[in-house]
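The structure appears right after this line, and notes come after that.
The values are calculated or read from the model by the stated rules, or taken from the named source; none is laboratory data. No experiment lies behind these values; they were computed from the predicted model shown. Virtual Cβ from ideal backbone geometry, glycine too; neighbours counted across all protein chains shown.
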Amino acid sequence: MIVLDGVTKKFGNLKAVDNVSYHIKKGEFFALLGPNGAGKTTIIRMLLGFIQPTFGSITINEIASSETRARKNIGYIAEQHMIPPFLSGFEYLLRHASLLGLSGKKARLEVERVVEVVSMTGREKKKSAGYSKGMKQRIGVAGALIGTPELLILDEPVSGLDPMGIRDIRKIIDTLRHHEITIVLNSHLLSEVEKTCDTAAIMHKGKIVVKDSIDAIMAGGESLEDVFVKYVTQ
């Protein structure tokens with residue numbers, strides 16, 4: 001599904017990503033982990049085609065990430081995504097649908113579908129100014145799911161949520177296992193990654209220092225947090 005081959009990204013003299021290679025299989029729930037400045041956001045921006053590698057290549061379904069058609073089947077929610085307060089969740093999602101060329105009845109049906117997936121039915125037509133942080137995150141995930149993407153990229157989807165909100169987002173992610181979707185999750189909440197993802201890569205100073213299944217990473221009886229701390233403090 002995703003192949004990074006010798007990817008390096010430089011910003012002047014700074015090497016934000018340093019010769020990174022890994023594969024993500026179709027249907028895999030993959031977590032990209034690392035401290036601030038490790039290179040995670042740079043990789044996500046390259047996956048989305050916002051910036052290009054200095055060296056190496058990234059392909060999505062064997063298409064270079066720099067090509068517009070590679071992004072056709074990607075859903076994305078940014079860490080700091082915003083919903084205009086004067087719009088309802090439904091109106092916001094209709095605008096997302098229009099970006100995919102949907103209109104009229106087809107757009108409304110698609111919005112109703114994703115609203116149901118994120119358990120916002122009955123609240124989607126209220127103005128977002130009255131939404132909790134968790135409700136806004138649900139609508140953000142719903143927007144990323146419009147058009148049934150093959151790849152979903154979630155950048156800190158539970159950032160700033162209370163325990164109930166975190167649990168709700170985890171439940172939504174779990175339901176997506178039945179939708180034949182691949183997920184790339186960037187998160188600092190390692191306990192949630194343990195419960196949600198199949199595989200993980202830990203980045204440190206632009207390099208991948210660990211990449212394996214969650215079970216294999218924790219095989220020594222350590223928590224994911226313990227392993228994380230061990231590698232990023234070396």
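May I ask you to verify whether residue 86 is touching a residue at least 24 places away in the same chain (Cβ under 8 Å), over 21 Å from residue 161 (Cα atoms) and part of a loop (DSSP other than H, G, I, E, B)? So residue 86 passes the test. Screening the candidates 90, 50 for the property of being aromatic (Phe, Trp, Tyr) and within 24 Å of residue 125 (Cβ to Cβ) yields one hit, 90. Counting only strands (runs of 3 or more DSSP E) that fall entirely inside the stretch 1-62 and contain at least 1 residues that are without any contact (Cβ under 8 Å) to a residue 24 or more places away in the chain, the qualifying elements are 2-11, 14-24. Here residue 90 clears all of (1) in contact with a helix residue (DSSP H, G or I) (Cβ under 7 Å, 6 or more places away or on another chain); (2) surrounded by fewer than 18 Cβ atoms within 10 Å (Cβ to Cβ) except the condition numbered (2). All conditions in (1) within 20 Å of residue 205 (Cα to Cα); (2) out of contact with any strand residue (DSSP E or B) (no Cβ under 6 Å at 6 or more places or on another chain); (3) surrounded by 15 or more Cβ atoms within 10 Å (Cβ to Cβ) hold for residue 49, with the sole exception of (1). The residues on offer are 33, 100, and the sole one that is at pLDDT 90 or above and either of a type outside the set (Asp, Glu) or farther than 20 Å from residue 197 by Cα (or both) is 33.
Scanning the stretch 123-159 for residues that are of a type in the set (D, E, K, R) and within 29 Å of residue 35 (Cβ to Cβ) turns up 133, 136, 138, 155, 156.
Quick check on my filter: what residues within the stretch 97-136 are under 23 Å from residue 171 (Cα atoms) and touching a residue at least 40 places away in the same chain (Cβ under 8 Å)? Correct list: 117, 118, 119, 128, 131, 135, 136. If you go through the stretch 49-88 and keep only what is among the polar types (S, T, N, Q) and under 14 Å from the mean Cα position of the chain (by Cα), you end up with 73, 80.
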